[in-house]
Amino acid sequence: MPQWLRHFAYGCAMLGCAVACLVALLTVVSIIGRSLWSWPIPGDVELTQFGIALCIALCLPWCQLQRGNIIVDFFTQRSGPSTKRWLDGFGSLLLAVMVGLLAWRSAAGALAVGEANETTMILGLPMWVSYAALAPGLALTSVIALLQVFTGVEVRE
C-alpha cells in the first residue's frame with residue numbers, strides 16, 4: 001500500500017475522531033442545557049446525524065486498511081491460507097464495489113439535492129453539504145479495498 005495513501009487514510013480517521021468528539025460535546029451540552037435550563041441546542045439532532053455519518057465515512061478507509069472490518073469465519077476456520085486469501089480478496093472486491101457505488105450515489109445525491117435547494121428542517125442548512133461530505137471517505141475506502149484485491153491481502157489467523 002502506498003505510504004501517501006496510508007497517511008491520507010490516517011488523516012481521515014483522525015478527522016473522523018475529532019468530529020465524533022465534537023458530536024459528543026454537542027450532545028452533552030445540549031442535554032445539560034435541556035435538563036438545567038430547558039434550553040437545548042437547536043438542531044442538535046440534525047447536527048448529530050450529520051456528524052456521526054461523516055465520522056463513519058471518514059473512519060472507514062483506515063478500518064479497511066487495517067483489515068478491521070468484522071469477518072464471520074465460522075465456516076472457514078479450517079480452510080487453508082489460500083482459500084482464506086481468496087475469500088478475503090473476494091470480500092474486498094465486494095466492499096470496493098459497494099462503497100464505490102455509495103460514493104458515486106452520495107456525490108450524485110449532493111448535486112440533485114443542491115439543485116433542489118433542499119435544507120434541514122430546523123437549522124435550514126443546505127442538505128447537499130452532508131451528502132457531498134460523505135463521498136470522499138467512501139471513495140477512499142473503495143480505492144483501498146480495490147488495491148487490496150490487486151496487491152493481495154494478508155490472511156487473518
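The values are calculated or read from the model by the stated rules, or taken from the named source; none is laboratory data. Only a predicted model underlies this, so the values are computations on that prediction, with no experimental measurement involved. Glycine gets a Cβ as well: all are built from the backbone with ideal geometry, and neighbour counts include every protein chain shown.
When residues in the stretch 1-50 are screened for being surrounded by fewer than 11 Cβ atoms within 10 Å (Cβ to Cβ) and of a type in the set (Ser, Thr, Tyr), 2 of them pass.
Conditions (1) in contact (Cβ under 8 Å) with a residue 24 or more places away in the chain; (2) under 18 Å from VAL19 (Cβ atoms), marked per residue:
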| site | (1), (2) |
| --- | --- |
| ILE70 | no, no |
| ASP88 | yes, no |
| SER106 | yes, yes |
| THR119 | no, no |
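Tallying residues that are at pLDDT below 95 and over 30 Å from GLY80 (Cβ atoms) within the stretch 137-157 yields 0.
Filtering the stretch 77-110 to residues that are among the polar types (S, T, N, Q) and surrounded by fewer than 14 Cβ atoms within 10 Å (Cβ to Cβ) leaves GLN77, SER82, THR83. The residue list ALA132, ALA112, ALA116 contains one member that is under 17 Å from the mean Cα position of the chain (by Cα) and either of a type outside the set (Ser, Thr, Tyr) or farther than 24 Å from VAL45 by Cα (or both), which is ALA132.
Applying the selection to the stretch 31-89, what residues are part of a helix (DSSP H, G or I) and among the charged types (D, E, K, R)?
First, the residues of the stretch 31-89 that are part of a helix (DSSP H, G or I): 31-37, 44-65, 81-89.
Correct list: ARG34, ASP44, GLU46, LYS84, ARG85, ASP88.
Take the residues in the stretch 126-140 that are touching a Phe, Trp or Tyr at 6+ places or on another chain (Cβ under 9 Å) and surrounded by 22 or more Cβ atoms within 10 Å (Cβ to Cβ), then tell me which one is farthest from ALA116 (Cα to Cα). Per the stated criteria, the residue is LEU140.
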